[in-house]
Amino acid sequence: MLIIQGILVSDDLLEEQFICNLEACKGACCWEGEFGAPLEINELNILKEIFDQIKPYLSKEGLAVIEKEGLFTYYKENKEYGTPLINHGPCVYMIYDEDGIAKCGIEKAFLEGATNFKKPISCHLYPIRVKENKEQGFEALNYDRWDICSAACTLGKKHQMPVYKFVKEAIIRKYGQEFYDELDAAAGFIKEK
């Protein structure tokens, strides 16, 4: 375990290898699981602000659930907000591309210039999950192992891509360049030893 700027970082982020392999999994993380993608409190307002911009990019099924349940859901079991699900399955923001691969409608809107919000940070950081313990005052970055990502692990090993490097852009987005540089330097130091 490392501590970078007061944040606990699991060794797995340096040791495990990962590159998303959408050709193999078809974006299964967007429809598998019991809960929607975790949302940070500030993202709740962002979703409200950008909804009109992202609405044209969402599926009819997703829009129907949003109309009924709202833009986000509070998951009591996890004690956090997350994206709502369509019939306990896909995220309401999930869409399919022309190859049948699940993608994020929010991200598609971003890529086409309709919004400046890329997607929820939990999705951008995946397979890293952020665990916060406000009572004890710490935040930890952990590697989330999931069997649906086995092809991503295989591809990561082939290219020797550590998890933290795969999600470099997302780490910088959330914690800043300085944090990433310190993490990268620590990883380099550990590797040399």
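The values are calculated or read from the model by the stated rules, or taken from the named source; none is laboratory data. Here the structure is a predicted model, which is why all the values come from computation and not from measurement. When we count neighbours, we look across all protein chains shown, and the Cβ atoms used for this are built from the backbone with ideal geometry, even at glycine.
Couple of notes before you dig in:
- Residue selection: residue 157 fails the criterion of being of a type outside the set (A, V, I, L, M) and either crowded, with 16+ Cβ neighbours inside 10 Å or in the same structural domain as residue 31 (by TED's automatic domain parsing) (or both).
- Subset tally (residues that are without any contact (Cβ under 8 Å) to a residue 60 or more places away in the chain and within 17 Å of the chain's Cα centre (by Cα)) for the range 94-108: 5
- Selection count, the range 65-83, where residues are in a helix (DSSP H, G or I) and of a type outside the set (A, V, I, L, M, F, W, C): 3
- Set side by side, the residues 151, 114, 140, 102 differ, and just one is in the same structural domain as residue 14 (by TED's automatic domain parsing), hydrophobic (A, V, I, L, M, F, W, C) and touching a helix residue (DSSP H, G or I) at 6+ places or on another chain (Cβ under 8 Å), which is 151.
- Residue list for the range 5-27, filter: assigned to a loop (DSSP other than H, G, I, E, B) and of a type in the set (A, V, I, L, M): 19
- For the range 41-64, the criterion of a residue being surrounded by 13 or more Cβ atoms within 10 Å (Cβ to Cβ) and assigned to a strand (DSSP E or B) is satisfied by no position.
- Where residue 38 falls short, out of the listed (1) touching a Pro at 6+ places or on another chain (Cβ under 9 Å); (2) farther than 14 Å from residue 123 by Cβ; (3) at pLDDT 95 or above: (2)
- Residues being over 16 Å from residue 12 (Cβ atoms) and crowded, with 20+ Cβ neighbours inside 10 Å are entirely absent from the range 139-154.
- For the range 30-38, the criterion of a residue being within 21 Å of residue 143 (Cα to Cα), assigned to a helix (DSSP H, G or I) and not assigned by TED's automatic domain parsing to the domain that holds residue 148 is satisfied by at least one position.
- Answer residue from the range 132-153, given it is outside any loop (DSSP other than H, G, I, E, B) and within 13 Å of the chain's Cα centre (by Cα) and is nearest to residue 175 (Cα to Cα) among those: 141
- Among residues of the range 93-124, those that are in a loop (DSSP other than H, G, I, E, B), under 19 Å from residue 48 (Cα atoms) and in contact with a strand residue (DSSP E or B) (Cβ under 7 Å, 6 or more places away or on another chain), counted: 3
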